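Q: Input: one structure, supplied below.
Here, each number is a calculation from the coordinates, and none is a lab measurement. Computed from a predicted structure; not experimentally measured. For neighbour counting, all protein chains shown are included, and Cβ atoms are generated from backbone atoms with ideal geometry for every residue, glycine included.
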Amino acid sequence: SLLTLCRDLQIHPVTRQIRHVDFYSIDPKQVIQLKVPIRLTGRSAGQKIGGKLLFVRRWVNLECTAETLPDAITMALEPFEIGDMIGVDDLPFPEGVRPIYRKAFKVFEIKAARTVEEVDEDEVVAAAPAADAAEEA
């Protein structure tokens, strides 16, 4: 039996049937470089109070052996507050797995949701006649 790796998968856009698959035979001890998905689990404390999750990078390039290759890099969101940002160096990589990048990048950020500023009714009433005068001119 051989250890293989799927390198290319083509799926028909309408029927969703597999059209073509490329498999490569690899040595379990050989160091390989692959793109692996980043999975985020749960909801952050910041999201629970109205913050928004901005998922910037959904994949990371890794270097590892075939034996240590993870299906995905998984990170729990629960401890993060509004304003927290996680970069590639903050992800939990398994032993024997290292990310490959030229420049560090942001993976996700918890941002504050936009809020509507409350305006005093007297200010709105005072501004309305000035706006009408500007339209007439």
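Q: Just to check I understand the Karplus step: with θ = phi - 60° and J = 6.51 cos²θ - 1.76 cosθ + 1.60, what whole-Hz values come out for the range 30-37, glycine and proline as x?
A: In residue order, the calculated couplings are 6, 7, 10, 10, 9, 9, 10, x Hz.
Q: How big is the gap, in Å, between the Cα center of the range 51-83 and the Cα center of the range 4-49?
A: Each part reduced to its Cα centre gives a spacing of 13 Å.
Q: Another question, then. Can you pick out the pairs among Lys35/Lys111; Lys29/Lys106; Lys29/Lys103; Lys35/Lys106 whose Cα atoms lie more than 25 Å from each other?
A: Lys35/Lys111; Lys29/Lys106; Lys29/Lys103
Q: Please go through the range 13-44 and write out the trypsin sites (Lys or Arg not before Pro) that DSSP classes as loop and that have at most 11 other C-beta atoms within 10 Å.
A: Arg16, Lys29
Q: Let me ask another. Taking the mean number of other Cβ atoms within 10 Å as a proxy for protection, how do you rank 82-90, 4-12 from highest to lowest?
A: Order by mean packing, descending: 82-90, 4-12.
Q: Once fully extended, how much extra length lies between Arg114 and Leu2, figured as 0.36 nm per residue of separation less the alpha-carbon to alpha-carbon distance?
A: Extending this stretch completely gives an extra 35.0 nm.
Q: While we're looking at this one, here's another question. Label-point separation (nm) for Ile100 and Leu54, each offset 7 Å from Cα along Cα-to-Cβ?
A: Those two pseudo-labels are separated by 2.9 nm.
Q: Oh, and also: Kindly put Glu109, Glu81 in sequence by how many other C-beta atoms sit within 10 Å of each C-beta, fewest to most.
A: Ordered from fewest to most neighbouring Cβ atoms within 10 Å, Glu109, Glu81 come out as Glu81, Glu109.
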